[in-house]
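Okay, structure first, notes after.
The values are calculated or read from the model by the stated rules, or taken from the named source; none is laboratory data. Given the structure is predicted, the values throughout are model-derived calculations rather than measurements. Note that each Cβ is placed from the backbone with ideal geometry, even for glycine, and that neighbours are counted across all protein chains shown. Ligands, DNA and RNA are excluded from the accessible area calculation, which covers all protein heavy atoms including side chains. Shrake-Rupley method; radii C 1.70, N 1.55, O 1.52, S 1.80 Å.
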Amino acid sequence: MPQTASAAEQAPTNRALREFLHGLPGVDEVGARERAAGLATRSVKTTAKAAALDLAVRMVDLTTLEGADTPGKVRALAAKARRPDPDDPSAPSAAAVCVYSDLVGVAVEALRGSGVGVASVATAFPSGRAPLEAKLADTRRAVADGATEIDMVIDRGAFLSGDYRKVHEEITAVKQACGGAHLKVILETGELATLDNVRRASWLAMGAGADFIKTSTGKVAPAATPPVVLVMLEAVRGHRAATGRTVGVKPAGGIRTAKDAVRNLVMVQEVAGPRWLDPALFRIGASSLLNDLLMQRSKLRTGAYAGPDYFTID
């Protein structure tokens, strides 16, 4: 497998990519669902729960991706990312704030000196259907304005029709346009139909240079289902074994509670391994999750739940 992966990366003709991707082991869908369900039953003891909640907060990409987004909303989100719980200075900061490319400059200014990253969706989010030149221009603008991370969407139509070379070339070109910014490649797994396609899209994105593979835009259901996340974690583990390069994973969409987040961390530990239990390699794209994580932290600290209106509404 290492030799095949290398050949596909060095000579990414459509035929070579097809041979490699369709030569990957098939996913046992029933087995994947059963394993994901089994991992979801694992309990986390109280002593470890506090650390897990803090780690989950540090992995959150606090996100606003609406047509009605304003500079004021982005500044408010940045303030929350910097200090999620103003009454508890021990609460860690979030990993990043994710916004549309035209609001990157606002987020950069609001987060200056905080250590919180600025991510921007680019490449015709959420459809991915635009000329490559437009996608590259969007990416370059976001990076020039200070984005440290770019979340791009693949052309699912090209992928599903078997035009793997087009998808590979677009990811490679966007990666080059990112310069020093990290590239997260969104697969939009809800449109890929099968777990075999999720595995193939994961390997295709990693072979083209993705720093992260991401489940979803959050605009399509289903999004970050446990079996999908499991298959993607298996893919990054296999890719590291085959190539020596470590790629991160970002589930996004549908992870709303602290229990959901902790279950994902258990899956990371058991499927990919402890190396990935780090915000540099695992992120959670969320808008409502952070409040529940903060409520659970408050419960552990004080013994009582804070009311739902205690924390700001995202």
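Note that the range 197-212 has calculated 3J(HN,Hα) couplings of 5, 4, 5, 5, 5, 4, 5, 4, 5, 5, x, 8, x, 4, 8, 9 Hz, one per residue in order, obtained from phi through the Karplus relation 6.51 cos²θ - 1.76 cosθ + 1.60 (θ = phi - 60°); glycine and proline are x. For the set Lys45/Lys80; Lys49/Lys299; Lys175/Lys250; Lys219/Lys250; Lys73/Lys175, the pairs lying more than 19 angstrom apart at their alpha carbons are Lys45/Lys80; Lys73/Lys175.
Checking every one of the trypsin sites (Lys or Arg not before Pro) in the range 70-170 against DSSP loop status and a limit of 14 other Cβ atoms within 10 Å picks out Arg112, Arg129. Relative to the longest principal axis of the Cα atoms of the chain, the long axis of helix 132-144 lies at roughly 40 degrees. In straight-distance terms, cross-link reach from Lys135 covers every one of the aspartates and glutamates whose alpha-carbon lies under 20 Å from its own, apart from those fewer than eight places away in the same chain; here that gives Glu66, Asp102, Asp145, Glu149, Asp151, Asp155, Asp163, Glu169, Glu170, Glu188, Asp211. The Rg/Rh ratio of the chain, with both radii computed over alpha carbons and Rh defined as the Kirkwood radius, is 0.96. Where the centre of each part is set by its Cα atoms, how far does the range 193-229 sit from the range 117-138, in angstrom? Distance between centres, Cα-based: 17 Å.
Between Phe282 and Val249, the built amide H atoms are under 5 Å apart, and every one of these is 5 or more places off in sequence or on another chain. Centre-to-centre separation between the Cα atoms of the range 8-50 and those of the range 236-264: 10 Å. Expressed as an acute angle from 0 to 90° and rounded to the nearest 10, what is the orientation of the C-alpha long axis of helix 71-82 relative to the principal long axis of the chain? With both axes taken from Cα atoms, the answer is about 80 degrees. Here the extension length gained between His22 and Ala144 equals 40.1 nm, from 0.36 nm per residue of separation less the Cα-Cα distance. Rounded to the nearest 500, the 222 nm mean residue ellipticity of the chain from helices alone is -14500 deg cm²/dmol, with -39,500 (n - 2.57) taken per DSSP H run of at least 4 residues. Computed in the context of the full set of protein chains, the accessible area of the chain at 1.4 Å probe radius has 52% of its extent on carbon or sulfur.
Of the peptides 62-69, 277-284, 85-92, the ranking by mean beta-carbon count within 10 Å, highest at the top, reads 277-284, 62-69, 85-92.
Using alpha carbons only, how many degrees (0 to 90, rounded to 10) separate the axis of helix 46-59 from the longest principal axis of the chain? Orientation of helix 46-59: about 60 degrees from the principal axis.
For the range 51-189, the Kirkwood estimate of the hydrodynamic radius, built from every pair of different alpha carbons, is 15.6 Å.
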